[in-house]
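The values are calculated or read from the model by the stated rules, or taken from the named source; none is laboratory data. Quick caveat: nothing in here was measured; it's all calculated off a predicted structure. For neighbour counting, all protein chains shown are included, and Cβ atoms are generated from backbone atoms with ideal geometry for every residue, glycine included. Ligands, DNA and RNA are excluded from the accessible area calculation, which covers all protein heavy atoms including side chains. Shrake-Rupley method; radii C 1.70, N 1.55, O 1.52, S 1.80 Å.
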Amino acid sequence: LILEPESNLIFNPAVAAVTFPEIVLRGGKISIWPSWSYQSQLVFGGLFRVEEDTLFDFRKTERFPKAKKIYFRGTIAGTEKLTFVSSKRELIEIGSDVSSFEGEWEFRGGDVSVTRDEIFQNARVRIDHGTLFGNYRVETRVKQLELMNGARIRMKQNLMWVAELSVEGEKVPDGVYENEPWIENFHNRARVIVGPFDFGEEKVAANVETKD
């Protein structure tokens, strides 16, 4: 299947999962309409091949007002930008193999989380209005992270590593952070380590004083 510019591909499943062998993304938009029976949807593709910037629109509608959880599996490859738009309290979880994806990620609204430490390790990620959710299962690593328009990091894990961080257009200096307006902390000692990944490991190992 090839998704061309100006196209709109709608997943309207009667079950809890959408599967396909390969979709070539050359622009356009992908939407998911959940069934009444399932609040969560699993998108399992053999391959998303990203050849042009493409939009995923998961916002709630009058017909489907409940918040959704969207789980991505399979493989994502390519060099162009993927933009995900969702509503407040909706969760997008990326668990795909992204080792062949070199494009940018942008998330507007809602929450985003990953299933493995390294998924965003070589990625540029922009969060607009939403949150990057760190859960107990992984210690998320992000190469470049931009938080805009009130976006935050929501912490449940002990550590999150960000090589380069900017908040509302301002670069955040390297260091160890836990009590910041852009951190929502569910764990007393959850911290965001900003700086090269080896820098962060050294700082934590040395138990340096965190920046408040």
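Points worth noting:
- Restricting attention to the range 111-168, the residues that are at pLDDT below 90 and among the basic types (Lys, Arg) total 4.
- Scanning the range 160-175 for residues that are surrounded by fewer than 22 Cβ atoms within 10 Å (Cβ to Cβ) and not acidic (Asp, Glu) gives ALA163, SER166, VAL167, GLY169, LYS171, VAL172, PRO173, GLY175.
- Filtered residues of the range 103-142 (kept if open to solvent by 30 Å² or more (accessible area, probe 1.4 Å) and either under 22 Å from PHE48 (Cα atoms) or hydrophobic (A, V, I, L, M, F, W, C) (or both)): GLU104, ARG108, THR115, ARG116, ASP117, GLU118, GLN121, ASN122, ARG124, ARG126, PHE133
- Count - residues of the range 169-197 that are among the polar types (S, T, N, Q) and under 21 Å from the mean Cα position of the chain (by Cα): 1
- In the range 94-205, counting only strands (runs of 3 or more DSSP E) that sit wholly within it, none holds 2 or more residues that are in contact with a strand residue (DSSP E or B) (Cβ under 6 Å, 6 or more places away or on another chain) and of a type in the set (Asp, Glu).
- Scanning the range 41-49 for residues that are over 25 Å from VAL138 (Cα atoms) and modelled with pLDDT of 90 or more turns up at least one hit.
- Top-ranked residue of the range 88-102 - restricted to ones that are modelled with pLDDT under 90 and open to solvent by 20 Å² or more (accessible area, probe 1.4 Å), ranked as nearest to the chain's Cα centre (by Cα): LEU91
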